[in-house]
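Below: one structure, written as structure tokens.
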Amino acid sequence: METRYIEPAALHDEMLRLRNNKQMDFLESLTGMDWGVPDEKDAEGTIRGLGVVYHLESTVTGERIVIKTSTTNREQPEIPTVSDIWKGANLPEREVYDFFGIVFIGHPDMRRLYLRNDWVGFPLRKDDDPEKENPLRMDNEETFDTTHEVDQQADGTTKEKVNTLFGDEEYVINIGPQHPATHGVLRFRVSLEGETINKIDVNCGYIHRGIEKMNESLTYPQTLALTDRLDYLGAMQNRHALCMCIEKAMGIEVSERVQYIRTIMDELQRIDSHILFFACLCQDLGATTAFLYGFRDREKVLDIFEETCGGRLILNYNTIGGVQADIHPNFVRRVKEFIPYMRKNINEYHDIFTGNVIAQSRLKGIGVLSREDAISFGATGGTGRASGWACDVRKRMPYAMYDKVDFKEIVHTEGDCFARYMVRMEEILESLKIIEQLIDNIPEGPYQEKMKPIIRVPEGSYYAAVEGSRGEFGVYLESRGDKTPYRLHYRATGLPLVGTIDTITHKSKIADLIAIGGTLDYVVPDIDR
């Protein structure tokens, strides 16, 4: 994949050219970086300072490119925004501002995203000491109704403009952070006109745990455990992505047996996740019986996981170079029994919920996300595919055994809540089909390659991605050749999804917000990290 460095002054024009001329319409990942203070010993071409790494992809040609930019001004680091080019840059740029202090010129809402408003410092800078300036605060912080925008002036200087989020006459209510329909500890500040939504201000960070900061002081095997705590309903897939990135960087080829096992486990995890999606959406909309049907069937998958992995939710199964233990002697039999069981029971889901007139009226035509917006926001997974965007990583960048099995990428075009629901229901059947092709053909071979006691990843930058249950889960790794990563950033599946919420709820009813949030299917620990 081509990697280019662009000076901040030329960044916006070049990004616009790539978007328009090279059809780079998908901002796959945006990663903040601290490359350190310039040194006279640095070789020519060495990148120093605070900056950003952008991964871009063309949904037309499939071409991918990496762009890097940086500024050595640590007192007032400024980089042009690209949020006017890709809508999906809005929240990630706020994340970079939050953790690195980089101000994005032209960004309409330059506020912290995760940390408290009174937080001092920028914790992902290499020279920052968060504990020094930030004692434990148990008080409730004040909600700010202002944001600032920094504009470039004709003479090259910058000018700050203060904007008001909500007017004095607007009626603003809080949904969350404890509301069950926010699917985690997430807070929406919702401006209403009667029952109609005018604007939603997303407030993240209520369960931010500093996982990316913690990774910088952990060895590579130690970093694996934290992936299970991101999207805990896609733990197997998250860990697969990190292992795959490290293996790719080190040139490790895992056995075909491991590839079979990983693919089967990923698809079982997808089924588990989609069943829970069904159950929780039904509960959100008041269909309690359907909720119980989903949990009944999900137990079958968790029982299979528990026998081989020792866990049901936090699985800790994939390792660098393989898996932690071979499959249980009962694994093949139980998986083969589950396939016809699930195929039969999914018909019950359609009987009790899908065809229900109330469910259809709550979902059809509600929360429409256009294909163009899905790509611009980077809303991958079932959400993107429900809007007509064929964005499945298993098809775009095949890994494990996905180029050896026959399965259909489920794509709908309506872009509404019902389409997002149906994509996931149909994907359960495709996952069963993938597993069926592999389960009787798992080859013999080692389940773990021999690894050195201390793992050091060669110096360089690496990216790997898998198709998680909610979309593309990506891992960006930058190594300096040490036993700990210099930077380990996760492309959360949920952050682009929650970034769409203000757009697709505009002028909808407050009751529709519950259906829209449920069908976007984000998991908040994945967003907060």
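Figures for the structure shown
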quantity: Gain in span if fully extended, residue 456 to residue 357, counting 0.36 nm per residue against the direct Cα distance; calculated: 29.9 nm
quantity: J(HN,Hα) series, segment 57-69, from Karplus relation 6.51 cos²θ - 1.76 cosθ + 1.60, nearest Hz, glycine and proline x; calculated: 9, 9, 6, 8, 9, x, 5, 10, 8, 10, 10, 10, 9
quantity: Debye, to nearest 20: dipole size of the chain, +1 on Lys, Arg Cβ, -1 on Asp, Glu Cβ; calculated: 1260 debye
quantity: Of the trypsin sites (Lys or Arg not before Pro) in segment 183-292, those whose Cβ has at most 15 other Cβ within 10 Å and which sit in DSSP loop; calculated: 209
quantity: Debye, to nearest 20: dipole size of segment 359-454, +1 on Lys, Arg Cβ, -1 on Asp, Glu Cβ; calculated: 260 debye
quantity: Value at 222 nm in deg cm²/dmol, rounded to 500, when DSSP H runs of n ≥ 4 in the chain each add -39,500 (n - 2.57); calculated: -11500 deg cm²/dmol
quantity: Whether segment 139-214 is rounded, prolate or oblate, judged on the alpha carbon gyration tensor where a/c under 1.5 counts as rounded; calculated: oblate
quantity: Anisotropy class of segment 148-307 from Cα gyration tensor, a/c 1.5 cut; calculated: oblate
quantity: Total charge dipole magnitude, segment 124-177, about the Cα centre, Cβ charges on Lys, Arg, Asp, Glu only, Debye to nearest 20; calculated: 220 debye
quantity: Relative contact order of the chain, defined on C-alpha pairs under 8 angstrom at six or more residues apart (%); calculated: 16 percent
quantity: Axial C-alpha extent at least 27 Å, average Kyte-Doolittle at least 0.5 - helices from the chain (DSSP); calculated: 417-439
quantity: Per residue, in Å², the accessible surface of the chain once ligands and nucleic acids are set aside, probe 1.4 Å; calculated: 40 Å²
quantity: Nearest-10 value in Å² for the accessible area of residue 35, using the 1.4 Å probe; calculated: 10 Å²
quantity: Filter on 404/452; 22/87; 395/507; 161/199; 248/395; 159/199 - keep pairs with C-alpha separation over 28 Å; calculated: 404/452; 395/507
quantity: Protein accessible area in segment 232-348, 1.4 Å probe - carbon and sulfur %; calculated: 51 percent
quantity: Distance in nm between pseudo-label sites at residue 325 and residue 111 (7 Å out along the Cβ direction from Cα); calculated: 4.7 nm
quantity: Label-point separation in nm, residue 344 to residue 164, each point 7 Å along Cα→Cβ; calculated: 6.3 nm
quantity: Label-point separation in nm, residue 37 to residue 292, each point 7 Å along Cα→Cβ; calculated: 6.5 nm
quantity: Exposure rank, largest accessible area first [3, 263; 1.4 Å]; calculated: 3, 263
quantity: Geometric extent, Cα atoms of the chain - Rg, Dmax (angstrom); calculated: 22.9, 72
quantity: Percentage relative contact order, segment 146-251, counting C-alpha pairs under 8 Å, at least six apart; calculated: 12 percent
quantity: Segment 417-529, accessible surface, carbon-and-sulfur percent (1.4 angstrom probe); calculated: 52 percent
quantity: Gyration tensor (alpha-carbon) shape descriptor, segment 295-404, a/c threshold 1.5; calculated: oblate
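The values are calculated or read from the model by the stated rules, or taken from the named source; none is laboratory data. Remember, it's a predicted structure, so these values are computed and weren't measured experimentally. With ideal geometry, Cβ positions are generated from the backbone for all residues, glycine too; neighbour counts draw on all protein chains shown. To get the accessible areas, we keep the full protein, side chains included, count just its heavy atoms, and leave off ligands, DNA and RNA. Shrake-Rupley method; radii C 1.70, N 1.55, O 1.52, S 1.80 Å.
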